[in-house]
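Asks: Below is the structure I would like to discuss, written out as structure tokens.
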Amino acid sequence: MSSIILNRIKQNVKHWYLPVILGVVFIIAGIFIMMTPVASYLSLALLFSWLFFFSGIAEIAFALSNRKQLDGWGWILFSGIVDVVLGLILLSKPAITLQVLPIYVGCVLLFRSVRSLSMAVELNNYGVKGISSMVLFGILGLLFAIFMMTNLEAGAFTIVYWTAFSIMTLGLFSILYGMKLKKLKNRGAKISDELTKKWEAVQDEIRKAMDKE
């Protein structure tokens, strides 16, 4: 574990609960969509609009507050901006059609899934164990998103259910991600300043020894 990683863990991850809250919201939204498949797709478009808009704002806040703690904060920030922009686009086009909405939603879910996999890898680099379930949810979200965008001829109910599955899968990932961040925060609290300084001193000695001709 490098001194950079050690220092970032020591600084403690902030607002780890935001991904958990977003995950719960996504799961509730997915369940609601599955329970009301007969609702017009126009109503679902409105739901997606506000869901992406507010989740984007939360992700932007989370990314900015952890820019010194997490290497991948830039991707989280970019994802939040994409969500906000998509939410605004959908809100500005209330008459969006059944053929267009899956493309908008599918693209965002696809990006979120890829980002989820990179976030799992980042946690693995921090030494966090048990990320296999996170990788699984990321892959499932990726497959669901691809299906949505490549099967636009499917019936309205089919698209609605696949959309719900995608959102719920990413919601589960978000909850797991938040809990892993909490564990990372707790681990950082166990590292004393004295131990950190000793580790940095050893690394300095190693670098000096390697630089000698």
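Asks: Are any residues in segment 123-145 of a type outside the set (A, V, I, L, M), at pLDDT below 80 and either within 12 Å of the chain's Cα centre (by Cα) or not in a helix (DSSP H, G or I) (or both), and if so, which ones?
Replies: Selection gives TYR126, GLY127, LYS129, GLY130.
Asks: Have a look at ALA58, ALA63 and point out the one that is modelled with pLDDT of 80 or more, of a type in the set (Gly, Ala, Ser) and touching a Phe, Trp or Tyr at 6+ places or on another chain (Cβ under 6 Å). It would help to see each step written out before you state the result.
Replies: Values: ALA58 fails: touching a Phe, Trp or Tyr at 6+ places or on another chain (Cβ under 6 Å).
Of the residues listed, the single one that is modelled with pLDDT of 80 or more, of a type in the set (Gly, Ala, Ser) and touching a Phe, Trp or Tyr at 6+ places or on another chain (Cβ under 6 Å) is ALA63.
Asks: Going through segment 62-83 one residue at a time, which ones are among the aliphatic types (A, V, I, L, M) and outside any helix (DSSP H, G or I)?
Replies: Going through segment 62-83, the residues among the aliphatic types (A, V, I, L, M) turn out to be 63-64, 70, 76-77, 81-82.
Passing the criteria: only LEU70.
Asks: State all residues of segment 16-31 that are over 11 Å from the mean Cα position of the chain (by Cα) and either surrounded by fewer than 20 Cβ atoms within 10 Å (Cβ to Cβ) or under 10 Å from SER55 (Cβ atoms) (or both); if no residue qualifies, say none. Give the steps one after another, and end with the answer.
Replies: So the first thing to find is which residues in segment 16-31 are over 11 Å from the mean Cα position of the chain (by Cα), and the list is 16-17, 21, 24-31.
Selection gives TYR17, ILE21, VAL24, VAL25, PHE26, ILE27, ILE28, ALA29, ILE31.
Asks: Hey, LEU110 hits all of (1) assigned to a loop (DSSP other than H, G, I, E, B); (2) hydrophobic (A, V, I, L, M, F, W, C); (3) modelled with pLDDT of 80 or more but one; which does it fall short on?
Replies: Of the numbered conditions (1) assigned to a loop (DSSP other than H, G, I, E, B); (2) hydrophobic (A, V, I, L, M, F, W, C); (3) modelled with pLDDT of 80 or more, the odd one out for LEU110 is (1).
Asks: Going through segment 103-137 one residue at a time, which ones are surrounded by 17 or more Cβ atoms within 10 Å (Cβ to Cβ) and closer than 18 Å to PHE52 by Cα?
Replies: Once the filter is applied, which keeps residues that are surrounded by 17 or more Cβ atoms within 10 Å (Cβ to Cβ) and closer than 18 Å to PHE52 by Cα, segment 103-137 yields TYR104, VAL105, GLY106, VAL108, LEU109, LEU110, PHE111, ARG112, SER113, ARG115, SER116.
Asks: For GLU153, state whether it is out of contact with any strand residue (DSSP E or B) (no Cβ under 6 Å at 6 or more places or on another chain), part of a helix (DSSP H, G or I) and modelled with pLDDT under 80.
Replies: no
Asks: Which of the numbered conditions does ARG8 fail, given that it passes all the others? Conditions: (1) modelled with pLDDT of 75 or more; (2) touching a Gly at 6+ places or on another chain (Cβ under 9 Å).
Replies: (1)
Asks: Then there is this: Show the residue pairs meeting these rules: Cβ distance below 8 Å; 6+ apart or different chains; first residue within segment 1-28 and within 13 Å of GLY127 (Cα to Cα); second residue assigned to a helix (DSSP H, G or I) and at pLDDT 70 or above.
Replies: ILE5/ASN125; ILE9/LEU184
The values are calculated or read from the model by the stated rules, or taken from the named source; none is laboratory data. Since we're looking at a predicted model, the values are computed, not measured. A quick note on method: Cβ atoms are made from the backbone with ideal geometry, for glycine too, and the neighbour counts reach across all protein chains shown.
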